[in-house]
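The values are calculated or read from the model by the stated rules, or taken from the named source; none is laboratory data. Keep in mind that this is a model prediction, so the values were computed, not measured. All Cβ positions, even for glycine, are placed from backbone atoms using ideal geometry, and neighbour counts span all protein chains on display. In case anyone asks, the SASA skips ligands and DNA or RNA and just uses the protein heavy atoms, side chains included. Shrake-Rupley method; radii C 1.70, N 1.55, O 1.52, S 1.80 Å.
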Amino acid sequence: MNNSSFQDIIFKLQQFWAENDCIILQGLDNEVGAGTLHPATSIMSLANDSWKVAYVQASRRPKDARYGENPNRLGHYYQFQVILKPSPDNIQELCLKSLEAIGINPSKHDIRFVEDDWENPTIGAWGLGFEVWCDGMEIMQFTYMQQIGGISFDTIPGELTYGLERVAMYIQDVKHFKDIKWNSANDPKFAKTYGDIFLEDEKQFTKYSLEESDTQMLINSFVAAEKECNALNEKKLPLPAYSFCLKASHYFNLLDARGVISVTERASYIAKVRSLAKNCCETYLAGKNA
Amino acid sequence: MPNLLLELYSEEIPAKLQLPAINQLKNAFEAFLKEEKLEYSEIKGFITPCRMIITIKDLPSFTKEETIEKKGPQISANAEAINGFLKSVNLSDKSDLNIQNIDGKDFYFAKTIHQKVSSAAIFEKIIPKILHNFSWPKSMKWGNYEIRWIRPLHNILCLFDNNILNFKFGHLASNNISFGHKFMNKDGFEVKDIESFIKLLIEKNVIYDHLIRKKMIHDECATIAKQNNIELIEDEDLLDEVTGLVEFPNALLGKIDQKYMNLPEEVLITSIKTNQRYFCFKNGAKLANYFVTIANVKTDNDELIINGNQKVLSARLEDALFFWNHDLKTKLETQSQKLKKVTFHQKLGSVFDKIERMEKIGFFLSNYIKVDKKTFSQALLLAKADLVTEMVGEFPNLQGIIGKYYAIHQGYLKEVCNAIEEHYKPLGANDEVPTATLSIILALADKFDTLVGMWLIGEKPTSSKDPYALRRSALGIIRILIENKIDANFPEIINKMIEIYREKYSELDEKLALEIIEFIKNRFIVYVKTSDIKHDIVNAVIDDFDSVYQVYLKIIELNNFLNTQRGASLVKSYLRAVKIVNAEQKKDSKIFDENVNISLFEFEEERIIFEKVEIISKDMNQMLAKYDYLEALGLIQTLKEPIDSFFEKVIVNSENYLVRENRLKLLTKIKNLLDKFASFEKLEI
């Protein structure tokens, strides 16, 4: 393959999408389970007709945490997220070109667009689209979003998501995430792997999410965040309100990882978060149109 | 003669939707051609992930000119009606109208001529309609466009008589352009006619005919199998799906690292087939360490693609191996303690609570099926332990199967290991029931617990929803008991199960037992229907539904009985007797008892029947107690001649009031005898 380091991949993707009219943002400073929850996707794409944005988003999925022992599974990982609104006619071609930019040559591989219907019930979002497979492995997804926050789009945004660790492991041909080269330094003392930087993170956060979290505190925090989100929407401050919606969602993820939520309770929590997200989106749009 | 060519070029259509879609499109065209009376020599539909193609050959350039007689009002109708009719056929004078006599009345008729129209003009109007009315199970919008389709539609090619047929569907205008294979020949090209079009498609690596493509894939796999001395595992569903994932199939053989081949076959097959859509092979009795992926390209270095696929599969199998090793570090019985934290149902506690209930009902069931209690308790502790393993977390459809493998590995008793897998059976109407005693009791305990528990908290199935699969549980219970010939008493079991639940949940309603039995009864009736046994026979036997196995035996014997001439004839006589008794009971407004007075007999036939019935009654009771239905029916059968003679010689309605009543009591005695076996009255002969 090639020797792109993890950060090289990020630079190249940012470069490619910048050249395709995207504004390059930084990741959100709030815990989220996926890049879709960044307001640049969830709220801005509802509010703007012409909107092209790309960013790296750290994503936290406590349920997937495995102490760093499982070679393919992480509780904290990075997604590269792109929104193109309106979705361009040549979006598939752009996907392939972006892969070329990071060293995956479509003409040498078996690339497939395999049906994927995506949904994120916590923010009332769904869309139809594809997983992009490269020689049997899913390396990215793109979705034509039909709804967010329960609100249907007139102009459809295309969302592209790359699982960066997966892409890096593929490109660098490593079998365990901890062996991913994060950078390529002149002085080998400064060359670090993913594991050098984040393995301890994985261990400690897994122990926290699966064993040590204070569930009562999390339950109370969910309730408090829910309350504040509703209050702030009342005060016509949907953006700060949304930050509390995200916190509530993260507390739910932590409770879920701990195994204390039953099947029926889970449905109820998801419904609550979805309702908060819907409220924020609607309040934002109402404010914008006023 | 002109041909029509239509190609809809889009982003990839989900594999499973492709065949229904091309059929829908073809049917829509066929219907419209029929309506417009356009003749043609053939219509074909082809589909690839990116294209829907319709070809119609040898159409007429114009429709036929047609003369139609349109029927109007009667000549005696008022002026308004006649004028309205004239207007509707563009005539001004009623002298231009014909008159025809129909059933004695005179009607006005107008000759209208439908001019010939160019077929192209008709297609230009109709094709957009077909596209707008096309129905996808799910559809989406994209960009700024109005139209909806399964995935973004990018180009519409349409030629009639080798010229562009002009129409619009949303923002898309039809043209004469198509595209080659997306990765190998993606440039657009101009299309002149059907023949050159399909020739170019093939040259540009598009195997447009899905049937040919499917066969190619199958043949390539078979060839590879032969070359490597392995056997392809046929899978029609996988083949159909893979056919819908490529425009140009290129079968590539990959190897699986031997270190994974000791994983359970079910795990390997799930990873290889279900997750990766590869074809699997057998090497003798075992799974071969090969797979075939159908790539959508041909490159000058297919090795790269094969390596990539091997890596992905290795990663998945490495995961599975990781889970396997990790899970095996803990004994299953220790794992099962974690079930205290797994909810069975919010209102019914944890899975561990379920196991405790299963132990109690299991001990009760050992009244009907002998089992060693210690072994049973051990099996119980392990039966659901695999639900909390990593492996079942990753492969939830392998519950039970994984548990069995782990148990074998950890050295538990063989029958216990088997019971872990078998207690979920039967998994469907075509699956076997468990036959080992331990598996049977575990399976029954599990199903009774779920069925009764869900019912008690109101989670009953409706005609459209059965989320807890209670119908399947009930059918499973029925089949297990019948096929294993187990005589178990439903009311006792259900009541005991309710009692067990009420130990912890005293608010649950014990009177629901009757409803639950009724539900199982209905499932049984459905089950028997599949054996072609008429419903009246089931109805005759079903009231006494304590033991489903006994009821089933009775039904079989009764059915056989009624299929004999003697049997059918006997029942006819019986029904005749019942009819008489009922009629007379109504007339007299009384119910007759069995107290026959032998001194009132006038005929030998009366005495013969009476003695026969007396003897049979005694034996009958014994036989029913031993469930000897064949014998019991044999006895009943011996009544045939006596009854026939009786009806021949004796007139029931004697003028003598006492004799008449006595004869009615005799008939009642016969009726009551047969009723011990079944409600023969319900039979329809």
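The single condition among (1) over 23 Å from A:L94 (Cβ atoms); (2) among the basic types (K, R); (3) away from every other protein chain (no Cβ under 14 Å); (4) open to solvent by 20 Å² or more (accessible area, probe 1.4 Å) that B:R213 does not satisfy is (4). Selection within the range B:216-227: residues that are in contact (Cβ under 8 Å) with a residue 60 or more places away in the chain and within 13 Å of B:F281 (Cα to Cα). The member of this set that is most open to solvent (accessible area, probe 1.4 Å) is B:I224. When you scan the range B:392-411, do you find a residue that is among the acidic types (D, E), in contact (Cβ under 8 Å) with a residue 60 or more places away in the chain and open to solvent by 60 Å² or more (accessible area, probe 1.4 Å), even just one? The answer is yes; a qualifying residue exists. Cβ separations smaller than 7 Å between residues 6+ apart or across chains give the following pairs from the range B:71-84 residues that are assigned to a helix (DSSP H, G or I) to residues that are open to solvent by 40 Å² or more (accessible area, probe 1.4 Å): B:I82/B:K94. Any residue at all in the range B:455-478 that is loosely packed, with under 14 Cβ neighbours inside 10 Å, touching a residue at least 40 places away in the same chain (Cβ under 8 Å) and closer than 22 Å to B:P434 by Cα? Within the range B:455-478 (the criterion being loosely packed, with under 14 Cβ neighbours inside 10 Å, touching a residue at least 40 places away in the same chain (Cβ under 8 Å) and closer than 22 Å to B:P434 by Cα), the answer is no, since none of the residues qualifies.
Set side by side, the residues B:T67, B:T112, B:T55 differ, and just one is exposed (fewer than 13 other Cβ atoms within 10 Å of the Cβ), of a type in the set (S, T, Y) and away from every other protein chain (no Cβ under 14 Å), which is B:T67. Look at (1) part of a helix (DSSP H, G or I); (2) β-branched (V, I, T); (3) without any contact (Cβ under 8 Å) to a residue 24 or more places away in the chain; (4) at the interface with chain A (Cβ under 9 Å from one of its Cβ atoms) and you find that B:T299 fails only one, number (1).
Go through A:I180, A:I156, A:I104 for me and flag whichever is touching a residue at least 12 places away in the same chain (Cβ under 8 Å), within 12 Å of chain B (Cβ to nearest Cβ) and over 30 Å from A:N279 (Cβ atoms). Break it down into steps so the answer makes sense when it comes.
Details: A:I180 fails: within 12 Å of chain B (Cβ to nearest Cβ); A:I156 fails: over 30 Å from A:N279 (Cβ atoms).
That would be A:I104, the only listed residue that is touching a residue at least 12 places away in the same chain (Cβ under 8 Å), within 12 Å of chain B (Cβ to nearest Cβ) and over 30 Å from A:N279 (Cβ atoms).
Checked across the range B:236-254, the condition of being open to solvent by less than 60 Å² (accessible area, probe 1.4 Å), within 30 Å of B:P2 (Cβ to Cβ) and within 14 Å of chain A (Cβ to nearest Cβ) holds for at least one residue.
Take the conditions (1) farther than 25 Å from A:T155 by Cβ; (2) in contact with a Phe, Trp or Tyr (Cβ under 6 Å, 6 or more places away or on another chain); (3) open to solvent by 20 Å² or more (accessible area, probe 1.4 Å); (4) without any contact (Cβ under 8 Å) to a residue 40 or more places away in the chain; B:H171 misses just one of them, which is (1). Scanning the range B:234-253 for residues that are touching a helix residue (DSSP H, G or I) at 6+ places or on another chain (Cβ under 8 Å) and free of Cβ contacts under 8 Å to residues at least 60 places away in the same chain yields B:D235, B:L238, B:L239, B:P249, B:N250, B:A251, B:L252, B:L253. Per this entry, B:I598 is counted among residues that are touching a Phe, Trp or Tyr at 6+ places or on another chain (Cβ under 7 Å) and open to solvent by 90 Å² or more (accessible area, probe 1.4 Å). The requirement of being free of Cβ contacts under 8 Å to residues at least 60 places away in the same chain, loosely packed, with under 12 Cβ neighbours inside 10 Å and under 14 Å from B:L673 (Cβ atoms) is not satisfied by B:K590. Determine, yes or no, whether B:K354 is more than 8 Å from chain A (Cβ to nearest Cβ), surrounded by fewer than 17 Cβ atoms within 10 Å (Cβ to Cβ), of a type in the set (K, R) and in contact (Cβ under 8 Å) with a residue 12 or more places away in the chain. The answer is no for B:K354.
Selection of first residues in the range B:128-144 that are farther than 23 Å from B:F32 by Cβ and within 14 Å of another protein chain (Cβ to nearest Cβ) and of second residues that are outside any loop (DSSP other than H, G, I, E, B) and not small (G, A, S), restricted to Cβ pairs under 6 Å at least 6 apart or on distinct chains, gives the following pairs, ordered by first then second residue: B:M140/A:L128; B:M140/A:Y144; B:M140/A:Q146; B:W142/A:Y144.
Here is a check on your reading of the model: is B:S10 surrounded by fewer than 15 Cβ atoms within 10 Å (Cβ to Cβ) and either away from chain A (no Cβ under 14 Å) or out of contact with any helix residue (DSSP H, G or I) (no Cβ under 6 Å at 6 or more places or on another chain) (or both)?
It is false that B:S10 is surrounded by fewer than 15 Cβ atoms within 10 Å (Cβ to Cβ) and either away from chain A (no Cβ under 14 Å) or out of contact with any helix residue (DSSP H, G or I) (no Cβ under 6 Å at 6 or more places or on another chain) (or both).
Residue count for the range B:607-644, restricted to those that are surrounded by 15 or more Cβ atoms within 10 Å (Cβ to Cβ), under 43 Å from the mean Cα position of the chain (by Cα) and among the basic types (K, R): 0. The residues of the range A:278-290 that are in contact with a strand residue (DSSP E or B) (Cβ under 8 Å, 6 or more places away or on another chain) and crowded, with 17+ Cβ neighbours inside 10 Å, listed by number, are A:K278, A:C281.
For the range A:235-290, how many residues are charged (D, E, K, R), free of Cβ contacts under 8 Å to residues at least 40 places away in the same chain and away from chain B (no Cβ under 14 Å)? Full working, then the answer.
Here is the first cut: in the range A:235-290, the residues charged (D, E, K, R) are A:235-236, A:247, A:256, A:258, A:265-266, A:272, A:274, A:278, A:282, A:288.
Those left that are additionally free of Cβ contacts under 8 Å to residues at least 40 places away in the same chain: A:235, A:265-266.
Those left that are additionally away from chain B (no Cβ under 14 Å): A:235.
Adding up the residues that qualify gives 1.
Whether any residue in the range A:117-125 is within 12 Å of chain B (Cβ to nearest Cβ), free of Cβ contacts under 8 Å to residues at least 12 places away in the same chain and open to solvent by 20 Å² or more (accessible area, probe 1.4 Å) is what I want to check. Yes - at least one qualifying residue is present in the range A:117-125.
Is there a residue in the range A:131-149 that is more than 11 Å from every other protein chain (Cβ to nearest Cβ), of a type in the set (S, T, N, Q), outside any loop (DSSP other than H, G, I, E, B) and open to solvent by 10 Å² or more (accessible area, probe 1.4 Å)?
Just the residues of the range A:131-149 that are more than 11 Å from every other protein chain (Cβ to nearest Cβ), to begin with: A:140-141, A:148-149.
Okay, now just the ones that are also of a type in the set (S, T, N, Q), so A:141.
Applying the additional criterion that residues be outside any loop (DSSP other than H, G, I, E, B) yields A:141.
So of that shortlist, the ones also open to solvent by 10 Å² or more (accessible area, probe 1.4 Å) come out as A:141.
Within the range A:131-149, one or more residues are more than 11 Å from every other protein chain (Cβ to nearest Cβ), of a type in the set (S, T, N, Q), outside any loop (DSSP other than H, G, I, E, B) and open to solvent by 10 Å² or more (accessible area, probe 1.4 Å).
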